[in-house]
1. Given the options 230, 273, 262, name the one that is modelled with pLDDT of 95 or more and either under 28 Å from residue 73 (Cβ atoms) or polar (S, T, N, Q) (or both).
2. Given the conditions (1) surrounded by fewer than 19 Cβ atoms within 10 Å (Cβ to Cβ); (2) under 30 Å from residue 11 (Cβ atoms); (3) within 16 Å of the ligand (Cβ to nearest atom); (4) without any contact (Cβ under 8 Å) to a residue 60 or more places away in the chain, and given that residue 236 satisfies all but one, which numbered condition is not satisfied?
3. Go through the residues of the range 217-231 one by one and say whether even a single one is within 12 Å of the ligand (Cβ to nearest atom) and either touching a residue at least 24 places away in the same chain (Cβ under 8 Å) or closer than 22 Å to residue 46 by Cβ (or both).
4. Could you check, for the range 152-171, whether at least one of its residues is among the polar types (S, T, N, Q), within 16 Å of the ligand (Cβ to nearest atom) and in contact (Cβ under 8 Å) with a residue 12 or more places away in the chain?
5. Exactly one condition in (1) more than 8 Å from the ligand (Cβ to nearest atom); (2) touching a residue at least 60 places away in the same chain (Cβ under 8 Å); (3) among the small types (Gly, Ala, Ser) is false for residue 210; which is it?
6. Is it the case, given these coordinates, that residue 12 is at pLDDT below 95 and closer than 26 Å to residue 225 by Cα?
7. Can residue 57 be described as under 25 Å from the mean Cα position of the chain (by Cα) and either more than 19 Å from residue 196 (Cα to Cα) or buried (at least 17 other Cβ atoms within 10 Å of the Cβ) (or both)?
8. If we scan the range 187-196, do we find a residue that is crowded, with 21+ Cβ neighbours inside 10 Å and among the small types (Gly, Ala, Ser)?
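The values are calculated or read from the model by the stated rules, or taken from the named source; none is laboratory data. Quick caveat, the model's predicted, so the values are computed rather than measured. Because the Cβ atoms are built from the backbone with ideal geometry, glycine has one as well, and the counts that use them run over all protein chains shown.
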Amino acid sequence: MNIDQLLRKNIANLKPYSSARDEFAGSEGVFLDANENPFNEPFNRYPDPYQLKLKTEIAKLKQVEVNQIFLGNGSDEAIDLLFRSVAEPGVDNVVTIAPTYGMYQVAADINNVEVRTVNLDNNFQLDVDKVLSATDENTKMVFLCSPNNPTGNDLDRKEMMRLIESFDGLVIVDEAYIDFSEQASMLNEVDSYANLVVLQTFSKAWGMAGLRLGMAFASAELIAVLNKVKYPYNLNILTQEKALELISRKAQVDEWIDILLKEREALAKQLQKLNFVTKVFDSDANFILVKTTDADGIYNQLVEQQIIIRNRNRVILCDECLRISIGTPEENKQLMDALLKLEK
Ligand SMILES: *Cc1c(COP(=O)(O)O)cnc(C)c1O
């Protein structure tokens, strides 16, 4: 894959903003270069535009090179930057699966890029040949999500690999829920495939949705493009500090994942028994999709009891389906108590 051919011309030619911190990156000295206020330490200082300290720790954690990591204000920033970098508005298109995460469509709409959707099969699996036949010479990206939201299942890894090998635009694999899955991450393929982008996030297993920290992993060449297009100081100091702190307590995160996986299994068994649940789909994520006899009714009655789940009725292939995030053992019990009341 030739990256210059992939990029929009204006992006290939873009001269990025040069910040004061680009010119001098040391941490010792008298800093009179960025028009900062000398008072109110430490928030008076601009954050590191390339987040090197945090990336060094993430590189160790994920077994990748620092220059293969992009960090953004949520994965949503990476998704938007990919559109702005490679997809020419009104000309290029992207392919996504359906049903899937809504942000690919929204980012495409904002950037005036056509989206072609290819339905998953009845087992919510990927049909690579259908995806390939939806592409043409203006297709710049294919978005996959595994484990997929809202269906909860892993996409077949061999099929994803077949797509990466046969499509010469970018294949984005969104792994927001990978920490809850037994399937191996696609991260270790980033070295071998220049057209692969893997997205992960601190919003789910890491419990940091409010701090906004998303990751994109790809070739150093593509990461350099995203760095060039992003806002210079896209990650604030607090987010970087809190993420470093949580990485130093990774055992805590593993414990949360353990609890959530046990709860997922227990909740799936209990949901199965409800007389208005017709199917509990297997989950490789921290939520469960269930098919019911009356999704709107159940949703509304739960809201009345101040229990909020996601109604996915009206999403393609998800008729009468509800999506339930796994909570604490106590929250899951409250949910089940409320659902059992509805059986009567
Ligand atoms: C929750 C979620 C994300 C996370 O997005 P952030 O912007 O990092 O919070 C990304 N992709 C999918 C599929 C999700 O469900």
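1. On the way: 273 fails: either under 28 Å from residue 73 (Cβ atoms) or polar (S, T, N, Q) (or both); 262 fails: either under 28 Å from residue 73 (Cβ atoms) or polar (S, T, N, Q) (or both).
Just a single option satisfies the conditions, and that option is 230.
2. Going through (1) surrounded by fewer than 19 Cβ atoms within 10 Å (Cβ to Cβ); (2) under 30 Å from residue 11 (Cβ atoms); (3) within 16 Å of the ligand (Cβ to nearest atom); (4) without any contact (Cβ under 8 Å) to a residue 60 or more places away in the chain one by one, residue 236 breaks only (4).
3. Going through the range 217-231, the residues within 12 Å of the ligand (Cβ to nearest atom) turn out to be none.
There is no residue in the range 217-231 that is within 12 Å of the ligand (Cβ to nearest atom) and either touching a residue at least 24 places away in the same chain (Cβ under 8 Å) or closer than 22 Å to residue 46 by Cβ (or both).
4. Within the range 152-171, one or more residues are among the polar types (S, T, N, Q), within 16 Å of the ligand (Cβ to nearest atom) and in contact (Cβ under 8 Å) with a residue 12 or more places away in the chain.
5. Every condition holds for residue 210 apart from (2).
6. Taking the combined requirement at face value, the residue does not satisfy it.
7. Working: under 25 Å from the mean Cα position of the chain (by Cα): yes; either more than 19 Å from residue 196 (Cα to Cα) or buried (at least 17 other Cβ atoms within 10 Å of the Cβ) (or both): yes.
In short, yes.
8. No: zero hits.
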